[in-house]
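Structure record follows, encoded as structure tokens.
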Amino acid sequence: MQSEGTIVGDESRSLQAARAGDDGAFRGLAVRHERELLVHCYRMLGSIEDAEDMVQETFLRAWRSLDTFQGRSTLRAWLYRIATNVSLDALAKRRRRSMPTDTNAPGDPRAPFAPPLPESPWLEPLPDALVDERPGLGPETRYEVRESVTLAFLTALQRLPGRQRAVLLLCDVLGWSARETADILEMSVASVTSSLQRARGAMKKLGAQPGSARKMPADAAHASLLTRYVQAWEAADTDSLVALLQEDAAMTMPPMPLWFRGRTAIGQFFQARLFAGDARGRYRLVATRANGCPAFALYQRDENGRYRPSSLQVLVLDGGLIAEMHSFLVSDERLFARFGTSPERDEPIH
């Protein structure tokens, strides 16, 4: 992390130009921090679409008030202050986001589907490519960074009051000191320390702390599991797919509130719905990563033989099996565009 008062070199010259009205110079400064601010706002709000709006609002406010920035802190810290406060303002006007497993009882795969909710309250998937993994991070630290965007961590995080959420992210995820966090949030150090203790206690009760939930992944074993997962989908083989699941595995399909628990229910759903009829070759999966987990862009063949975006699947692996399958159904092209996938692209499974 930059220390206080280190506005030097080209950043200082760009800042002077921006203060003189050069919006190109300001955009050049802002873009250096855009990705990490996007992930920060995403963690705060649980929505990448909302996070994109918050980052744009952050840069707009920063541009309009650039003459008030005196350089007593880093530009990065100043932008984090604005982004955090913009996100806190948004939280006061929005419903808490979660996952269907956190709010609804498991459903019956034989019952009629409930329609999607008109305003989705669910978390949205985040491409791993956006997560800030700075050069030089060791494997343990890199794993903790990815753990801080898992759906389980985010679901628990969304239960915290806004300021506790911000304090936990700034201190425990981003590594700001209590004093730096106090400056960002305009709180006292004592208030930050107290909020942090309460937030840590709440997250511990919910079993969600970065880096503490699971062991480091066994890459070779997981690669084999994921290969078999793709083969089961593309062969429309329910038995082979169910064999890859934990006995009490969960399957969700946001924005639908319906979800299923257990091999039997999930198998019944696949047999009756997704793999019904002559389904071999109906689906094509392209590997990617989301929320610190293996993921797949699922394409479904239409009546003209073309593969169309269907869902973005995020898999949680545990003990050599799939513990959770989260299928975010596609309503437009924006979701797959963020992941840069194509049904023709040959991606490695990882």
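Values quoted throughout were computed directly from the atomic coordinates according to the rules given, and no laboratory measurement underlies them. Note that this is a predicted model, so its numbers are computed, not measured. With ideal geometry, Cβ positions are generated from the backbone for all residues, glycine too; neighbour counts draw on all protein chains shown.
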* Which value results for Rg/Rh of region 1-93 when Rg is the Cα radius of gyration and Rh the Kirkwood radius based on the inverse mean 1/r? -> 0.97
* Under 15 Å, Cβ to Cβ, from Arg282 - net charge with Lys/Arg +1 and Asp/Glu -1 -> +1
* Structure fact -> So, over other residues within a Cβ distance under 9 Å of Leu157, counting Lys, Arg +1 and Asp, Glu -1, the net charge is +3
* Say R0 is 56 Å: what FRET efficiency, to the nearest 0.05, do Lys93 and Thr227 get from their beta-carbon distance? -> 0.80
* Structure fact -> With R₀ set to 35 angstrom, the calculated FRET efficiency between the beta-carbons of Thr68 and Asp219, to the nearest 0.05, is 0.10
* Local electrostatic count, Thr264, Cβ distance below 13 Å [Lys/Arg +1, Asp/Glu -1] -> -1
* Asked: Quick one, what does Rg over Rh come out to for region 219-339 if you take C-alpha atoms and the Kirkwood Rh?
  -> 0.93
* To do: Can you tell me the FRET efficiency between Arg27 and Gln197 if r is taken as the Cβ-Cβ distance and R0 is 35 Å, rounded to the nearest 0.05?
  => 0.35
* To do: At 7 Å along the Cα-to-beta-carbon direction for both Ala111 and Glu247, put a label point, then send me their distance in nm to one decimal.
  => 2.5 nm
* Asked: How long is the gain from Glu234 to Arg306 if the chain were fully straight, where each residue apart is worth 0.36 nm and the alpha carbon distance is subtracted?
  -> 24.4 nm
